[in-house]
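J.: Mind looking over this structure? Questions follow.
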Amino acid sequence: MSHYKMHLLVCAGTGCHSSESDLVYEMLHDEVERKGLSNDVQVIRTGCFGFCEKGPIVKVLPDNTFYTEVKPGDAQEIIDEHVIKGRKVERLLYLDPETNEHVLDSKHMGFYKKQLRVALRNCGTIDPENIDESIARDAYMALGKVITEMTPRETIELIKRSGLRGRGGAGFPTGLKWEITSKNHGDRKYVVCNADEGDPGAFMDRSILEGDPHSVLEAMAICGYCIGASEGLIYIRAEYPLAIRRLRIAISQAQSYGLLGENIFGSDFSFNIKLRYGAGAFVCGEETALIHSMEGLRGEPTNKPPFPAERGYLGKPTCVNNVETFANIPVIVLKGAEWFASIGTEKSKGTKVFALAGKINNVGLIEVPMGITLREIIYEIGGGVKEGKKFKAVQTGGPSGGCLTEKHLDTPIDYESLMAAGSMMGSGGMIVLDEDDCMVSVAKFYLDFIVEESCGKCAPCRIGSKRLYETLDRITLGKGEQEDIEILKNLGMVMKDTALCGLGQTAPNPVLSTLDNFKEEYLEHVNEKKCRSGQCRDLLYYVILEEECTGCMACTRVCPTHAIIGERRNPHVINQEVCIKCGACMEKCQFDAISLQKDYPREVQLTTNNELTV
Amino acid sequence: MIELTIDKKKVRVEKGTTILKAARQAGIEIPTLCHYELCDMGIENKPGGCRICVVEVEGRRNLAPSCITEAQDGMVIHTHSIRVLNARKTVLRLIISDHPFDCLVCAKSGHCDLQDLAVQFGIRSQPYVGEQSRYRKDTSPSIIRDVDKCIMCRRCEMICNEVQSVGALAAVNRGFMSVVAPAFEMNLEDSPCTYCGQCVSVCPTGALTEKDHTIEIIRALSNPSKTVVVQTAPAVRAALGEEFGMPAGTLVTGKMVSALRELGFDYVFDTDFSADLTIMEEGTELLQRVRGYLEGDSNVRLPILTSCCPGWVNFFEHNYPDLLDVPSTAKSPQQMFGAIAKSYFAEKIGVKRNDMIVVSVMPCLAKKYECQRDEFKVGGNPDVDYSISTRELASFIKQANIDFLELPDGEFDDPLGESTGAAVIFGNTGGVIEAACRTAYELYTGKKLEKVDFHELRGMDGIRSATIDFNGLELNIGIAHGLRNARKLLDEVREGKSKFHAIEVMACPGGCVGGAGQPFNHGDSGVLGKRAAALYAADQEMPIRKSHENPSIIKLYEEFLGEPGSELAHKLLHTEYFAKSNEVTIHLQG
Amino acid sequence: MSQKVIITPEAFEYMEKVTGTDGVEVRVNLPKEIIEQINEICDSFDNDPGELINVLHEAQNRFGYLPAEVQDMVAHNLHIPVAQVYGVVTFYSYFSMIPKGEHPISICVGTACYVRGAERVLEEFIKELGIKVGETTPDGRFSINCLRCVGACGLAPVVLVGDKVYGRVSPDGVKQIIAEYSS
Amino acid sequence: MAVIKTLDDLKKRQEEMKARVNLRDKAEDPESLVQVKVAMATCGIASGAKEVMEFFVTELNKRSIDAVVTQTGCMGYCFAEPTVEITLPGKEPIVFGYVDVKKADEIIERYIKEGELVDGIIPQNYNTI
């Protein structure tokens, strides 16, 4: 077998896939063949590199050249220049937004410098559709070690010692969960992988499944070995066709190698994995709802206890873990609990994958050690706020989370600190907001999501989230009243206290946390009818600039509500009480005398009234 | 046993007890809304959805729903702290904010659990205004669905699926628009609904109510050209008093008769009379089939199934269209009564069929549908014109400002008012088959039955069986109440594995005493037992306790029908069944 | 593997007699080939009611949507009440009882797309096509749907037409996208 | 495809497959490895750089030296082609000129293995890209 001198890794994650990375792959592949380089150059489709902002990505190894926004047409140049002549195609290199210089390799990109890839260790490095590449990168070694050298008890102890906590949201210690499930009796037990990543703006689970499916399959088998289950189920969103395809391939390859199936590694242990599909319900991320969905029912949560560890799928003890949690398991087994526990903070060990999005330069998937500060994430990895705007807040944890503001920039991020700040880890979505974002509107956006995704089983969530949304809507429309703030607070607290499941209990978080951190914005909306970001269109005011207005009367004629008053050749005034903000006057004015302002023009209003009464 | 503290009181309870029940043991009644329980029947609804019953458990992050949270040893619980009260009131206000404000004109006003809670919590203002969920109103012959008033307690869904296995109702949609409805939100009439009405009897609000026919009866009574005849079902007399504040299990037969007379009915008769008639026909059919079977006639279908319960009839028409020849062809007592009243009796008093209005007072909502079935009409004129429930009668009596409690005991009119003890137990599960056994025994053996009470056929277990010795002939009797139980026996019949010769089925748990037209039991299953006991007591006190000894029945055969099972009897007292599931058609309304 | 069958309105004119596994005869307003396909799907999941969601996925893949008659047949085969099937279909947003347009347009309204202006893009599509979210144009060519995060957050706001992804869509670009498909 | 029945089976399989990805493993942390850059512009290829590169790749692997062999563009020493830049971990890069297979062997044995300087070093005043 000849040694490839060069590897071209083409990202085939959903993000890059959406921008024709498949075609890029084919063109590169064809070009390599045409130039007779097939023995020297290997072109591989891999999972996500995380740097989705600038996809499609092509990475050249071993020199770590990082090409961004590669078009199918660029393939020839890459082969001719870089592969054959050894000259990097400069125009495709990542352009550092700060220095405005092309970065020669990924090692020098700020985006990667602070990252530590554990769960994502193989994403973007291997061909996820080829089990051999996974095996070469230690896949199933941990399973083999556990089965041949360790007892279930020892393995559970190892996971417990590592300090790994559930990456799906609440952060329950994984080892403890396994221990409880292993101790509960049942003629059958199940391992369930929760891949129902419904948090809008989070896509780490999908990236892991697309980029490194075997790490999850292996971990599920390890879990099965520990708790005494021989069947695993992956509950995955039907909206992830690529991940589903790769999982199917991975499962069948693992089966044909005997790494899944009967008597794995010649032992008594057998383990099989099946896929179950979600069908578009956020609430199914909640484990009891997920289990009901897998049973063919409406995905409505039920009270805990009993926990799934006691009575889960088909009434049997069931261990539900999320994708990212599972992806950590094999490394912990191979590198040891102590290695893992050395990363992170006192109570939050290891790394966490975040999906960085919103008003940030480097949108993408990042994996960082717990305890990193928000500042490092936003300014060093994320490359700062887009268009040099002012940072306002980061919404973490999606609809269940809250926002972190400037004052939290230097707080080390872990489960506890996020909770303390009124947010939560959630699944790891991180949406960066800048000065143009209205925090009331952001809260409204999340509540809109909750209203749509509430299952409707319990009254506080079914009706409460609707009322929260309506109250926020009133405020953004300028119809808010002082009592509304109290209503939001009380409703929010009661929902937290009384809702049936995690979704409902955390649903008011976006409201409560923005109220906490940006109360003045709420008050401005309510009292001054002002939205400082200008995002609430109903709180913008058409105002005629006295010095520009020629008094041509053109605007008065187009105004459908006769809101514009004024004599010919004298500056006109808009009566804000009557104005419906259609914008017709602004469109008509030839003198740019009409502007949109954020402040309610009280003075103007007064004079208008006076004039009216005269 | 575990010990916990609730509102500073120490309580010792069995492990596994919920906080709600532990509190009850301590004499603390935590308010509930979606929770519903008939513990004797093993019926319980506790989705934990309404969150009214939340309590504060020390050391717990959020409030705990007491109806589904198990009490733990050493728990310290507060059921009325400020935090709890605020949460309860807020949640209650939220529920009310998505509920129509038409309490004054709501059919459920005065019996509404939500209204009661609003009163209990002194809700005087409604700060949460916003959109209310709106749905199409659906009227069927028996049940009206006004699901704007649905609070998603899921009791109806539980009853319809878990208890009755009818599956007409399910939770549909998601979130704010979620509601309990038939498939495709089609009309109940087009669904597999059996009109058993159990959903109505458990609905805490006015979302599910019976179709009220009181006004038609008032019209009939005020029409001088009509002769209005009323019949009252056995179970009504054991429950009507509850609506006037009398304890459950008070038998008010006499007062009921007086009230009906005061309301202006021309003849006050008794469905018990036609119950006796049913036994004559059904008992004869039973013996015929058993004899045929013993003689080796392969065309004979056994077991024979009782057919007096219209919810049950609807159920097998929907679900067992392949078994339509199994049930007895005998009509139900209500319909037998109508058929006899509008033929034999009308002739007797010289009133034309069309000038006679037959009203029934029933513990049942399916009867409203039954009396409208085409096969029970002659030239478009129904044998029974209107059927009202026990609740409707009570309301009618109140509207007519009759002081029910002070009424003297009246007597039923003759001849359709005479009945036996066998008839009055029709109201209980097992009662029909017991009555049939009393008669069939004597008819089959020719001997006098000494032990009239068949205790082996009584009780509240969902499925019961007994073997009755007919002087050497061992008859296997099966009894089911609640349609899920019936389904189990029917599946055995379909598979040819049934060991029974005769099976009695009642759709409602407890039989007619637990019928959907009875006063609401609000989850007190003791009520059903007391009503049943009252009917057995009434049987004891009757001078005649076997249907075939009813003098008016004997006279009816002599004067009019001839023999049980005669041609005329067949024409008037027997019916046929129609398959309902063989056409899956969907009528969607825009 | 049978091919994809489109259930047209005319399909409902048929009436077929089918015998279920319980030996009960049912008549359904669907032609035989569609009934056979539904039976095949249900059989492939052993008519197990626990597989209801997988069965519905498969049926929707095959027929494009889940008309009442299909749900009825599925309920019959799995021996569960059709109300329960309908309850499941209406619970999950992935299932639809309305046929999608020839070119289904999906607008991502996930958070990343939202903060980058997906709402305005959606409004523009609604305005241009004159239909609401979840509806199909009368000529059956387009339908509008919202979805939450396709994971292409780097391209936000994202619009999908069929499988094709359009990234960084601005309200002004909407007309052009529609024009690509209206010939 | 052979079924994996034991942990050793798996390890064997991994050994077989390692070659497929070892380049990627190495690229993750090139600073800790020996880095060999062969100038592979037209001038280099013409003077036999391809064979030299081939030699480095196979021989380093054979001799169990963890190294990354990459190609680079013209280093500007066309007169001395083929040129090769060697970076030992923690050391400054050194460029060798007129490298043929024989020379390459010497570089591996003496400089890379032992750290001894070998003839043919070109003084550097350039930056590679």
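Derivation of every value follows stated rules applied to the coordinates shown; laboratory data play no part. None of the values given here were measured: they were computed from a predicted structure. Reconstructed Cβ throughout: ideal geometry from the backbone, glycine too, with neighbour counts over all protein chains shown.
J.: Checking the a/c ratio against 1.5 first, then a/b against b/c, what shape does the Cα gyration tensor give for the stretch A:131-341?
T.: Judged from the Cα gyration tensor, the stretch A:131-341 comes out rounded (a/c under 1.5).
J.: Hey, another quick one. Tell me what chain B gives for mean residue ellipticity at 222 nm when only DSSP H runs of n ≥ 4 count, each as -39,500 (n - 2.57), the sum divided by the residue total, rounded to 500 deg cm²/dmol.
T.: -9000 deg cm²/dmol
J.: Okay, moving on. Local charge sum around B:Arg464 (other residues, Cβ-Cβ under 10 Å, Lys/Arg +1, Asp/Glu -1)?
T.: Charge balance near B:Arg464 sits at -2.
J.: Shifting gears a bit: What FRET efficiency, computed as 1/(1 + (r/R0)^6) with R0 = 60 Å and r the Cβ-Cβ distance, is obtained for B:Asp322 and A:Glu546, rounded to the nearest 0.05?
T.: 0.10
J.: Which GluC sites (Glu not before Pro) does the stretch A:446-537 hold that lie in a coil by DSSP with at most 16 other beta carbons within 10 Å?
T.: Listed in order of number, the matching sites are A:Glu481.
J.: I've got another one for you. Which FRET efficiency value, to the nearest 0.05, is calculated for D:Thr6 and D:Lys113 with the Förster distance at 30 angstrom and r the Cβ-Cβ distance?
T.: For R0 = 30 Å, the calculated efficiency reads 0.25.
J.: Work out the charge dipole of chain A with +1 on the Cβ of Lys and Arg and -1 on the Cβ of Asp and Glu about the Cα centre, then indicate which of A:Asn39, A:Asn527, A:Ile332 is farthest towards its positive end.
T.: Positive-most Cα among the choices belongs to A:Ile332.
J.: In whole angstrom, how far apart do the alpha carbon centroids of the stretch C:123-160 and the stretch B:482-501 sit?
T.: One Cα centre to the other: 53 Å.
J.: Please report the antiparallel percentage of the DSSP beta bridges confined to the protein assembly as shown, to the nearest 5.
T.: Percent antiparallel among DSSP bridges in the protein assembly as shown is about 55.
J.: With both bridge residues required to lie in the stretch A:6-107, what share of the DSSP beta bridges run antiparallel, to the nearest 5%?
T.: Once the DSSP bridges in the stretch A:6-107 are tallied, antiparallel ones form about 60 percent.
J.: Hey, quick one: spin label on B:Ala537, modelled 7 Å out along Cα-Cβ, who in the stretch B:245-272 has an amide N within reach, i.e. under 11 Å?
T.: B:247-252
J.: Going through the cross-link list A:Lys59/D:Lys62; B:Lys398/B:Lys451; A:Lys304/B:Lys149; A:Lys183/B:Lys21, which pairs have a Cα-Cα distance over 31 Å in this structure?
T.: Check vs 31 Å cut-off fails for B:Lys398/B:Lys451.
J.: Residues in the stretch B:141-185, backbone N under 18 Å from the label point at B:Lys488 (7 Å along the Cα-to-beta-carbon vector): list them, ranges by number please.
T.: Counting backbone N atoms under 18 Å from the label point, the list is B:159-167.
J.: Label B:Asp409 and B:Ser465 with points 7 Å out from Cα along Cα→Cβ: what is the distance between them in nm?
T.: The two pseudo-label positions are separated by 4.2 nm.
J.: Using a simple spin-label model with points 7 Å from Cα along the Cα→Cβ vector, what separation in nm is obtained for A:Arg34 and B:Leu449?
T.: Spacing of the two 7 Å Cα→Cβ label points: 9.8 nm.
J.: Taking the Cα atoms of the protein assembly as shown, what is the range of coordinates along each of the three principal axes, in descending order and whole Å?
T.: Result, largest extent first: 135, 98, 72 Å.
J.: Using r as the Cβ-Cβ distance of C:Asp48 and B:Met177, and R0 as 30 Å, what FRET efficiency do you calculate, to the nearest 0.05?
T.: Between C:Asp48 and B:Met177 the formula returns 0.55.
J.: When the helix-only estimate is applied to chain A (DSSP H runs of n ≥ 4, each -39,500 (n - 2.57), divided by the residue count), what is the mean residue ellipticity at 222 nm, nearest 500 deg cm²/dmol?
T.: Rounded to the nearest 500, it is -10500 deg cm²/dmol.
J.: Which helices, taking whole DSSP H runs in chain B, have alpha carbons extending 30 angstrom or more along the helix axis plus mean Kyte-Doolittle at least -1.0?
T.: Span-like helices here: B:271-294.
J.: Also: Give me the percent relative contact order of the stretch A:6-107, please, defined on Cα pairs under 8 angstrom at least 6 residues apart.
T.: 30
J.: Among the listed pairs A:Lys107/D:Lys18; A:Lys390/A:Lys479; B:Lys255/B:Lys352; A:Lys35/D:Lys50; A:Lys359/A:Lys390, which have their C-alpha atoms separated by more than 20 angstrom in this model?
T.: A:Lys107/D:Lys18; A:Lys390/A:Lys479; B:Lys255/B:Lys352
J.: Relative to the longest principal Cα axis of chain A, at what angle does helix A:241-256 sit, 0 to 90 degrees, rounded to 10?
T.: Approximately 10 degrees, to the nearest 10.
J.: Starting from the Kirkwood radius over alpha-carbon pairs of the stretch B:215-573, derive D by Stokes-Einstein at 10 °C in a medium of 1.306 mPa s and give it in µm² s⁻¹.
T.: For these conditions, the coefficient is 78 µm²/s.
J.: Give me A:Thr514, D:Thr58 ranked fewest to most by other Cβ atoms within 10 Å of their Cβ, as a rough exposure proxy.
T.: In order of increasing Cβ crowding within 10 Å: D:Thr58, A:Thr514.
J.: Could you give the angle, 0 to 90 degrees to the nearest 10, between helix A:21-34's Cα long axis and the longest principal axis of the Cα atoms of chain A?
T.: Long axis of A:21-34 versus the principal axis of chain A: about 50 degrees.
J.: Using the Cα centre as the reference, give the magnitude of the dipole from point charges on the C-beta atoms of the stretch B:131-212 (Lys, Arg: +1; Asp, Glu: -1; all else neutral), rounded to the nearest 20 debye.
T.: 180
J.: Please report the relative contact order for chain B, taking Cα pairs under 8 Å with a sequence separation of at least 6, and give it as a percent rounded to a whole number.
T.: Result for chain B is 17 percent.
J.: Below 11 angstrom from the Cβ of A:Arg137, what's the summed charge of the other residues (Lys, Arg +1; Asp, Glu -1)?
T.: Local charge sum for A:Arg137: -3.
J.: Let me ask something else about it. When only C-alpha pairs under 8 Å and at least 6 residues apart count, what is the relative contact order of chain A, in percent?
T.: 11
J.: Longest span of chain B, sites excluded, free of chymotrypsin sites (Phe, Trp or Tyr not before Pro) in DSSP loop with at most 16 other C-beta atoms within 10 Å?
T.: Segment B:122-577 is the longest.
J.: Describe numerically, in nm with one decimal, the distance between label points set 7 Å from Cα along Cα→Cβ at B:Gln126 and at A:Lys347.
T.: 4.3
J.: Could I ask something else about it? Taking H as built 1.01 Å from N, whose amide H comes closer than 5 Å to the amide H of D:Gln71, not counting residues under 5 places away?
T.: Long-range HN contacts for D:Gln71: D:Val38.
J.: Still on this structure: Whats the longest run of chain B with zero GluC sites (Glu not before Pro) that are DSSP loop and have at most 16 other Cβ atoms within 10 Å?
T.: B:132-294
J.: Hey, another quick one. Once you have a ≥ b ≥ c as the square roots of the Cα gyration tensor eigenvalues for chain A, tell me rounded if a/c is under 1.5, and otherwise prolate or oblate according to whether a/b is larger than b/c.
T.: Since a/c reaches 1.5 but b/c is at least a/b, the shape of chain A is classed as oblate.
J.: Run through the stretch A:95-157 and list the trypsin sites (Lys or Arg not before Pro) located in a DSSP loop whose Cβ has at most 11 other Cβ atoms within 10 Å.
T.: Of the trypsin sites (Lys or Arg not before Pro), not one in the loops of the stretch A:95-157 has a Cβ with at most 11 other Cβ atoms within 10 Å.
J.: While we're on this one: Does a label point 7 Å from the Cα of B:Val300, set along Cα-to-beta-carbon, have any residues of the stretch B:462-490 with amide nitrogen under 14 Å, and which are they?
T.: Only B:473-476 fall inside the zone, counting backbone N under 14 Å.
J.: Which of rounded, prolate, oblate describes the stretch B:1-106, given a ≥ b ≥ c as roots of the alpha-carbon gyration tensor eigenvalues and a/c under 1.5 marking rounded, otherwise prolate only if a/b is larger than b/c?
T.: In terms of gyration-tensor shape, oblate.
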